[in-house]
Each structure stands twice: as C-alpha cells, then as structure tokens.
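Presented below is the structure to which this report refers.
The values are calculated or read from the model by the stated rules, or taken from the named source; none is laboratory data. In this text, all values refer to a predicted model and were calculated from it rather than measured experimentally. Please note: Cβ atoms are built from the backbone with ideal geometry, for glycine as well, and neighbour counts cover all protein chains shown. When the accessible area is computed, the model is the full protein with side chains, heavy atoms only, and any ligands, DNA or RNA have been set aside. Shrake-Rupley method; radii C 1.70, N 1.55, O 1.52, S 1.80 Å.
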Amino acid sequence: MSATVVLGAQWGDEGKGKLVDRLAGGADWVVRFQGGNNAGHTVVLGDRTIKLHLLPSGITRQDCELVLGDGMVIDPWVLMQELERWKSETGENPLDSRLHISNRAHVILPFHCSVDGLDKKIGTTGRGIGPTYADKINRVGLRFADINELLNDPAAMDGLAERQIETLNNLGLSTDGHAEKLAQDIAWIHENYAHAIKNTGVMVDTALSTGQQILLEGAQGCLLDIDQGTFPFVTSSVTCRGNSTHGAGIHPGHVSEVIGVVKAYTTRVGNGPFPTELFDEVGEHLGIVGHEFGTTTGRPRRCGWLDLVVMRHSQRVNGFTSLALTKLDVLGGLDEISICVGYELDGVEIHEMPASSSELARCKPILINLPGFEALELDEWLKLANKAAQENSGYSALPDGAQRYIQHIEQLLGVPVSSVGVGPDRDATIDKTD
C-alpha cells in the first residue's frame with residue numbers, strides 16, 4: 001500500500017506534469033486532489049507537446065486509471081474540450097473507460113466564471129476557481145453527487161438560480177435568461193458525465209489495499225496555498241501535503257514518499273511579492289530560454305533567482321522526502337548563478353519568510369554566488385541525459401558548475417535532490433545514483 005505525492009515547492013509552474021508523466025510509468029492510478037483548470041501541466045513527448053488543465057498528467061500512460069478527486073473544482077465544459085482534443089489526437093475517450101470524477105468534487109458553472117472575471121487585484125486566471133471554492137465554504141455549492149437530485153427538485157433549482165441572480169445583480173452583471181440557462185447547463189452535465197461520477201475515494205482506497213501504486217498530483221505550488229502562501233496573492237485551495245490525501249479521499253498513512261518539484265530558479269505568475277525577481281538581462285535570459293509563459297493564461301512569468309527562504313518554508317510545511325530539480329539547463333550560459341539564503345527586512349537580517357505580504361514585498365534578498373556552467377542545445381542536453389541513463393552515471397554526467405549548484409541546494413536545505421531536469425522532453429531527466 002503506497003502513495004507518492006508530487007507537489008509544487010514554489011509558486012507553481014515548476015514542471016510537475018513532466019515528473020508525474022515519468023512516474024506514472026510505474027503507477028496504477030494518478031489522482032488530482034485539488035484545484036481546477038487554473039492549473040496547467042505540460043508533457044513533452046518528442047515532437048508532441050500536451051497541455052493539460054484538468055486531466056491528470058498520467059493520461060499518457062494507457063494503463064493508468066485517472067481520478068479527478070474530492071478536493072477539485074471542475075469546469076465540465078473545459079473538461080469536455082480536453083477530452084475531445086485527446087480523442088482527436090489518440091482515438092481514446094478516457095471518459096468511457098478510465099477517467100473517474102469524484103462525486104464530492106464541486107462544479108464550476110458559468111456564473112462562477114462571470115464573477116471571477118471581475119478580479120483586478122489578485123491576478124487570477126478568471127476561470128471561476130475562487131468563486132466556486134467560496135460557494136463550497138459557504139455550503140451553497142453544487143457537487144457532482146447532487147446533480148441528479150437537483151434536476152428532480154424544481155424548488156431547489158429555483159433556489160440556486162435565485163441566489164446566483166441576486167449576486168449577479170449586485171455586481172451589475174446581466175441576468176437575462178439565467179434561470180433557464182442554468183437548468184439547461186446542469187442537465188447537460190448530467191447527460192455527459194453521470195456514468196463517470198463515482199465514489200472515487202473508495203476506489204483509490206481499494207486499489208491501495210490490493211497493493212497498487214498511487215500518484216497524488218497537486219496543482220499550483222506551496223506559495224499559492226490559501227493558508228501557507230503569500231496571502232492574499234494565492235489560489236483558493238490547500239495546495240500542500242496535508243490536502244493530498246484528504247483531497248483524494250484517503251488517509252495520510254498511505255503516503256510513503258513526498259516529492260517537491262522545484263525549478264532551478266524561481267518564477268511566479270500574477271501579482272504578489274517576489275523578493276528575488278530580476279529586472280535585468282539575467283531575468284530576460286531566464287524568461288526567454290525557459291519559455292516562461294503560463295500554460296493556462298499565456299501570461300509571461302516573472303523570473304528570479306532560486307529562493308531558499310521560500311524553499312525552507314515549503315519544506316517545513318510539506319516534509320519533502322526528496323526534491324526534483326527542473327529546468328537546470330536554463331541556467332546554462334550564465335557566468336554566475338546566485339542563490340537567495342536570507343532576506344534583509346527594514347535593515348534586519350531574517351531567514352524565515354514573513355507571513356505578511358507587505359513585509360515580504362519589502363524584503364531584499366541576501367545572495368551567495370556560484371560559478372556558472374556552459375550552455376548546451378536541447379538535443380545536447382537530451383543526449384547527455386540518455387547517456388547518463390545508459391551508463392548509470394547520475395549527476396557526474398553534468399557540467400562541474402551544475403554539479404556544484406545541486407550540492408549547494410542539498411546542503412543548504414538538507415533534502416536530497418532525486419532527479420534533475422535538463423529539458424522539456426520526458427527523457428531529458430537525470431536521476432541521482434546511489
């Protein structure tokens with residue numbers, strides 16, 4: 001009975017999709033446990049790039065069962081678009097076979113997207129995530145388990161419509177035909193998804209009891225967690241380890257390994273404090289070479305040096321058993337590489353991340369500098385990774401500067417780096433040897 005958790009250790013966009021895709025080759029189930037289509041996971045298979053928003057990253061492994069878990073909020077129309085795109089590319093419709101939707105997951109309706117579109121402060125994706133989680137907390141949300149009952153209870157349907165219409169009116173948004181459209185939408189959801197709505201927590205628990213391997217896949221990252229992140233510039237769910245099993249409907253005793261995915265530098269999308277952000281040619285280098293554009297929104301990501309203050313916070317909250325370092329190749333070509341080991345806040349040196357976003361915004365990074373390493377083309381990095389796998393040479397295959405960089409991260413955090421990504425391709429990864 002073993003579950004492995006894969007989490008983002010920074011502000012998201014660390015490369016979780018690639019890692020889950022690799023690990024899914026040895027897994028029986030991949031379970032998304034929180035978030036919605038505000039997440040974007042990218043998997044690269046040779047010349048083929050797969051961008052996912054709701055479907056678990058294990059979809060590329062035909063033998064993997066896929067679960068959209070209890071803690072998720074799901075836009076049925078976006079999910080259908082992803083399924084149709086997947087079917088057009090592969091001929092498979094996972095909805096008829098191996099995709100299972102938790103009956104406890106909440107439904108994102110057009111109403112939620114309309115409300116979310118008014119945000120100007122946080123920099124959300126506008127996908128309806130926050131308003132859906134707000135309805136969940138206020139106990140007025142719609143779960144997949146309740147759709148059939150709602151369709152057979154006109155009074156309840158009218159009550160849901162009236163509540164939404166009141167909110168839309170208060171926000172100055174159109175309500176023309178809202179009640180009729182809402183009833184049609186919910187009927188469409190039932191027609192298309194009823195057969196896939198299941199008690200997925202029981203299914204996953206049963207799989208564990210029979211010795212199957214489970215991957216629990218998170219979205220976003222620790223610093224976007226509603227409790228542990230840079231509030232209020234966060235997402236609306238718990239993105240950390242504590243929610244991995246809860247959002248999947250199983251208990252935490254099942255977890256044997258927790259892998260924190262950390263980019264070799266730091267990025268974030270949207271508004272909020274970012275102490276190591278770079279506004280110079282190095283920041284431009286990271287953005288261009290790293291192709292730093294959001295998978296979901298297409299917005300350019302803000303780029304900066306690796307921040308170990310952030311990582312210490314993330315490690316304390318999640319207890320990573322190992323780290324997967326991604327996009328190390330992007331640092332190639334820099335003469336010098338910096339790592340943030342502390343902050344200066346109002347003239348005082350600190351080594352823990354402030355809870356206040358206004359204080360964090362005033363923090364100046366304390367940096368140590370390391371020599372850089374040469375740049376390689378992507379095909380050269382891939383050849384290097386393949387050679388390391390064939391010869392079982394591990395990190396010794398990397399340039400000396402890259403090896404020193406990894407060693408500093410391990411020493412300063414006290415957590416082993418179990419794998420290093422040196423390109424977007426599935427095989428452009430080097431695993432640590434014993």
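The set of residues in region 396-434 that are in contact (Cβ under 8 Å) with a residue 60 or more places away in the chain and either open to solvent by 70 Å² or more (accessible area, probe 1.4 Å) or in contact with a Cys (Cβ under 6 Å, 6 or more places away or on another chain) (or both) contains only Leu412. Of the residues examined, Gly58 is one that is under 17 Å from Met203 (Cβ atoms), in contact with an Asp or Glu (Cβ under 8 Å, 6 or more places away or on another chain) and either part of a helix (DSSP H, G or I) or β-branched (Val, Ile, Thr) (or both). Would a scan of region 244-254 turn up a residue that is closer than 17 Å to Gln315 by Cα, within 13 Å of the chain's Cα centre (by Cα), open to solvent by less than 40 Å² (accessible area, probe 1.4 Å) and at pLDDT 95 or above? Yes, because at least one residue in region 244-254 is closer than 17 Å to Gln315 by Cα, within 13 Å of the chain's Cα centre (by Cα), open to solvent by less than 40 Å² (accessible area, probe 1.4 Å) and at pLDDT 95 or above. Would you check which residues across region 383-395 are at positive phi and open to solvent by 10 Å² or more (accessible area, probe 1.4 Å) and list them? Answer for region 383-395, where residues must be at positive phi and open to solvent by 10 Å² or more (accessible area, probe 1.4 Å): just Asn392.
Of all residues in region 142-161, those satisfying the criterion of being in a helix (DSSP H, G or I), within 32 Å of the chain's Cα centre (by Cα) and under 14 Å from His190 (Cα atoms) are Phe144, Ala145, Asp146, Ile147, Asn148, Leu150.
Within region 57-69, the presence of at least one residue that is open to solvent by 10 Å² or more (accessible area, probe 1.4 Å), in contact with a Leu (Cβ under 8 Å, 6 or more places away or on another chain) and not charged (D, E, K, R) is confirmed. Against the definition (part of a loop (DSSP other than H, G, I, E, B) and either touching a helix residue (DSSP H, G or I) at 6+ places or on another chain (Cβ under 6 Å) or small (Gly, Ala, Ser) (or both)), how does Ala194 come out, yes or no? No: the conditions fail for Ala194. Filtering region 221-237 to residues that are of a type in the set (S, T, N, Q), closer than 22 Å to Val255 by Cα and open to solvent by less than 20 Å² (accessible area, probe 1.4 Å) leaves only Ser237.
Taken over region 263-289, residues that are part of a loop (DSSP other than H, G, I, E, B), surrounded by fewer than 21 Cβ atoms within 10 Å (Cβ to Cβ) and modelled with pLDDT of 95 or more amount to 4.
Picking from residues in region 124-173 that are under 23 Å from Phe33 (Cα atoms) and small (Gly, Ala, Ser), the one that is least open to solvent (accessible area, probe 1.4 Å) is Gly128. Scanning region 162-177 for residues that are farther than 24 Å from Gly71 by Cα, without any contact (Cβ under 8 Å) to a residue 40 or more places away in the chain and in a helix (DSSP H, G or I) gives Glu162, Ile165, Glu166, Asn169, Asn170. Just one of the numbered conditions (1) part of a strand (DSSP E or B); (2) modelled with pLDDT of 95 or more is not true of Thr49: (2). Within region 378-396, the set of residues being more than 13 Å from Asp329 (Cβ to Cβ) and either in contact with a strand residue (DSSP E or B) (Cβ under 7 Å, 6 or more places away or on another chain) or aromatic (Phe, Trp, Tyr) (or both) comprises Ala388, Gly394, Tyr395. Can Gly211 be described as surrounded by fewer than 21 Cβ atoms within 10 Å (Cβ to Cβ), in a loop (DSSP other than H, G, I, E, B) and out of contact with any Leu (no Cβ under 7 Å at 6 or more places or on another chain)? Considered against the rule, which asks whether it is surrounded by fewer than 21 Cβ atoms within 10 Å (Cβ to Cβ), in a loop (DSSP other than H, G, I, E, B) and out of contact with any Leu (no Cβ under 7 Å at 6 or more places or on another chain), Gly211 comes out as yes. Just one of the listed residues (Gly260, Gly218) is crowded, with 21+ Cβ neighbours inside 10 Å and over 23 Å from Thr124 (Cβ atoms), and it is Gly260.
Against the numbered list (1) at pLDDT below 95; (2) over 19 Å from Val67 (Cβ atoms), Asn37 comes up short only at (2).
Per-residue answers, yes or no, for (1) under 21 Å from Leu215 (Cα atoms); (2) out of contact with any helix residue (DSSP H, G or I) (no Cβ under 8 Å at 6 or more places or on another chain); (3) not polar (S, T, N, Q):
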| residue | (1), (2), (3) |
| --- | --- |
| Arg61 | yes, no, yes |
| Asp70 | yes, no, yes |
| Ile74 | yes, no, yes |
| Val78 | no, yes, yes |
| Lys87 | no, yes, yes |
| Ser102 | yes, no, no |
| Leu109 | no, no, yes |
| Gly117 | no, yes, yes |
| Thr124 | no, no, no |
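Number of residues in region 317-361 that are open to solvent by 70 Å² or more (accessible area, probe 1.4 Å) and part of a strand (DSSP E or B) equals 4. Tell me yes or no: at least one residue of region 14-28 is within 13 Å of the chain's Cα centre (by Cα) and among the small types (Gly, Ala, Ser). Within region 14-28 (the criterion being within 13 Å of the chain's Cα centre (by Cα) and among the small types (Gly, Ala, Ser)), the answer is yes, since at least one residue qualifies.
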